[in-house]
Every structure is written in structure tokens, then in C-alpha cells.
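Enquirer: Mind looking over this structure? Questions follow.
The values are calculated or read from the model by the stated rules, or taken from the named source; none is laboratory data. Just so it is clear, the model here is predicted, and its values are computed rather than measured. Using ideal geometry, Cβ is built from the backbone for each residue, glycine included, and neighbour counts are taken over all protein chains shown.
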Amino acid sequence: MNNTQEKNVFSRIGLAYLLGALAYYCLVSIGSALISRINPGILVGNASLLFSYAVLLLLGYPLMYLIVKAIPVTEIPKKKLGFGMAVVAWFCAYFLMVVCNLLGLVINAQLGKITGQGLQNPITSVIGDLDLWVQLLIVVVCAPIAEELVFRKMLVDRVYKYGELLAALTSGLMFGLFHGNFQQFVYAFGLGVFFAFIYIRTGKIIYTIVFHMIINFMGTMPMNLFMKGIDIQKVQQYIFTGQIDEYMAYVQEHMTQFAMIGLYGMMMIIVLIVGLVLVIVFAKKFKFQSHEGDLSAKQAWSSLFGNVGMILFAIWWIFNIVLAQFGTSFSDLIYKLFV
């Protein structure tokens, strides 16, 4: 079976998401440089993130939609998840996120040794410097809504007809790569696949939006409340490089904050245990189904990666991930050209 049509669909999607990202990065970088020339220091902290995210919402994401909207969508059957199963799904999602995050940390630490740059997690330093209201607005409200619409609904609706598993993997892969750094790629990929599964089973994006919001809230608010004044990258560096004496001295200097973090950590351990138990109990329910018209494994692989658009999309984001491992970014490079 010739799958040229499917390749064209994936190529258009890849190019759409690539062009949206390029437009976003270029406008943010050039705009930031020009604004800084007019009023140096204005785009820092809250203002910087608000400006960049506004560009993403008003330019990057809309451009992606304009390019892919011509691709026919498939109506996914609407089903209620039910409160009980919604709770189960959230616990499972949180467990998956933490496991993937730990895996990403371990690999990131090893990559940091190779590059000599140590652990690299750009989002940690950015979020830690934000005011509470900005974190709530961007990280907890706007990002989950926008990302679920763009990387689940807009994307899955257009590739669902080729197979549930292919749609979920495409969603997870593009969502993970779009974060632009390895630390976030691992857990964003895992969550992306799981959220796509929930959306495919229910046809209702509201479930994954709410799950996404709660997970982002739990991942950012404790940092804001407990970790002010704590350099988390330094702590991670001490742990993963075995500098125990330095780590203990740092903990003693910030004893109150670490005590609060410890209490929160105990609560999260309970959540993780519940999540693990529920994953085991409900494992059989989390399976992708086959439908008439699904692509074979070979056709799916060829359609996803055997086209110009997706190849360019992957190359672009892998390039960004490599830059992030060396402590820089494409935006930084462009910004320096105009300052």
C-alpha cells in the first residue's frame, strides 16, 4: 500500500509546528533585543516571560493552526470518564510524570558530565524567579489549556484515523521535543502519550487540561513557597556528583525550607505509592485499540519519519536540546546578534 498521502499529512504537520516555533523564536529574540536597546532591563523576570508567551499564543500557535486546518479531522467519540476513573487517571499520570522526570534527571546528569556543564534544566531557573501570580497565569492556567489544544486536540484529531497508538506517539514526541531541553523532553513525552490516550478514549480535551493544570500547579507552587533562596540546580549537582559534605552544609543553611520540602515530599511519596498501585491494578485498561484503516507498523513509521516536514521539525528541536545541554539557546544566539 502506497502511503504517500499519509506522509504528506505528517509533513504538513511537521512544517506547521516548525514554522510556528521559528516565527515565535525569531520574533521573541529580535523583539527582546530591540526593546532592550530602547529601554535596557525592561524585559526581565515576569515581563520577559509574559512577552515571550504572548508571542507564542498570538503568533506561534495560531500560525500552526492556519497551516494544519486544511487537513481533515476525525471526530473522536465522546465518552464520560467518570469521577472515579478521572481520579485513577490523574494518579497514574502523576506517577508516570515523576518516574519519567527521575529518568530524565539521571540521564541529564550523565550528559552534564560529558559536556562539563552539569545538570541543565532551563525551566527551573526561569520559573523560580517569577512572581506567584505569573506562575499561576502562565504555568498553571494558560500553558495547560494551550498545550492540550495544540498538542492533543489539534494534532490527534488529524492523525487519529491512522491509528490510536500512532496518534498518541506523535502527540507525545512532538510535545516532548517542543520543550527544547532534554530534562523536560523525557517526562513531556511520557505525559504526552498518556494524555493523548485519555483524549482518544473520551474525545473530551477538558480532562487532560484539568490533569495538566493540577500537575503543573503541584510542580510550581511548592517551588514558589518552599524553595525561594534555594539553588535547586546546585542541590541536584551535589547529589548527582556525590558531594555529600557540600550538600549537607547547604541543607543546614536552609533548614526551615528543607523541612517544608520534606513534609511535601512525604505527601508526594504517598501520592506516588497510590499511583503505582493504581497503575498495576488498572494496567489492562490502558491499551490502544485497533480499527479498520489503521496503518501497519511499517507504514506508520514511514509516514511519521519518512517526510521532509517531520525530519526538519526533529532536527530543529534536537539542535535546541543540544544547545540547552551546553547552557545556551537559539534565542540567546539570535538575541546577541541584535544587541
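Enquirer: Please verify whether region 3-16 includes one or more residues that are without any contact (Cβ under 8 Å) to a residue 12 or more places away in the chain and over 22 Å from the mean Cα position of the chain (by Cα).
Expert: yes
Enquirer: Okay, next question. Looking only at region 314-322, decide whether some residue is at pLDDT 90 or above, surrounded by 16 or more Cβ atoms within 10 Å (Cβ to Cβ) and part of a loop (DSSP other than H, G, I, E, B).
Expert: no
Enquirer: Inside region 1-30, can you point out the residues that are within 16 Å of Ile71 (Cα to Cα) and either of a type in the set (Phe, Trp, Tyr) or surrounded by fewer than 18 Cβ atoms within 10 Å (Cβ to Cβ) (or both)?
Expert: In the first step, residues of region 1-30 are kept if they are within 16 Å of Ile71 (Cα to Cα); the result is 3-17.
Hits for region 1-30 are Thr4, Gln5, Asn8, Phe10, Tyr17.
Enquirer: Read through the list (1) at pLDDT 80 or above; (2) crowded, with 17+ Cβ neighbours inside 10 Å, then give the number of the only condition that Phe226 fails.
Expert: Unmet condition: (1).
Enquirer: May I pose another question? Which residues, counting only those in region 61-79, are at pLDDT below 95 and surrounded by 16 or more Cβ atoms within 10 Å (Cβ to Cβ)?
Expert: Passing the criteria: only Ile76.
Enquirer: When the residues of region 80-90 are narrowed to those that are part of a helix (DSSP H, G or I) and touching a residue at least 24 places away in the same chain (Cβ under 8 Å), which ends up surrounded by the fewest Cβ atoms within 10 Å (Cβ to Cβ)? Even if it seems obvious, please write down each step before you answer.
Expert: The initial filter retains those residues of region 80-90 that are part of a helix (DSSP H, G or I), namely 83-90.
Those still in the list that are touching a residue at least 24 places away in the same chain (Cβ under 8 Å) too: 86, 88-90.
Working: Ala86: 16, Val88: 19, Ala89: 25, Trp90: 19.
Only one residue tops the list, namely Ala86.
Enquirer: Could you tell me whether region 13-27 includes any residue that is touching a helix residue (DSSP H, G or I) at 6+ places or on another chain (Cβ under 7 Å), farther than 19 Å from Phe313 by Cα and among the hydroxyl-bearing types (Ser, Thr, Tyr)? Don't jump to the end; show me each part of the working.
Expert: Of all residues in region 13-27, those touching a helix residue (DSSP H, G or I) at 6+ places or on another chain (Cβ under 7 Å) come to 13-21, 23-27.
Going one step further and asking which of them are farther than 19 Å from Phe313 by Cα, we end up with none.
No, region 13-27 contains no residue that is touching a helix residue (DSSP H, G or I) at 6+ places or on another chain (Cβ under 7 Å), farther than 19 Å from Phe313 by Cα and among the hydroxyl-bearing types (Ser, Thr, Tyr).
Enquirer: Kindly provide the set of residues from region 145-156 that are surrounded by 21 or more Cβ atoms within 10 Å (Cβ to Cβ) and of a type outside the set (A, V, I, L, M, F, W, C), ordered by number.
Expert: Initially, region 145-156 is screened for residues surrounded by 21 or more Cβ atoms within 10 Å (Cβ to Cβ), giving 147-148, 150-152, 154-156.
Those that are surrounded by 21 or more Cβ atoms within 10 Å (Cβ to Cβ) and of a type outside the set (A, V, I, L, M, F, W, C): Glu147, Glu148, Arg152.
Enquirer: Something else now. For region 252-268, check the following and say yes or no: at least one residue is without any contact (Cβ under 8 Å) to a residue 12 or more places away in the chain and on the phi > 0 side of the Ramachandran plot.
Expert: No: zero hits.
Enquirer: Go through (1) closer than 20 Å to Leu132 by Cα; (2) at pLDDT below 85; (3) not aliphatic (A, V, I, L, M) one by one and return the number of the condition Phe217 breaks.
Expert: Among (1) closer than 20 Å to Leu132 by Cα; (2) at pLDDT below 85; (3) not aliphatic (A, V, I, L, M), the lone unmet condition for Phe217 is (2).
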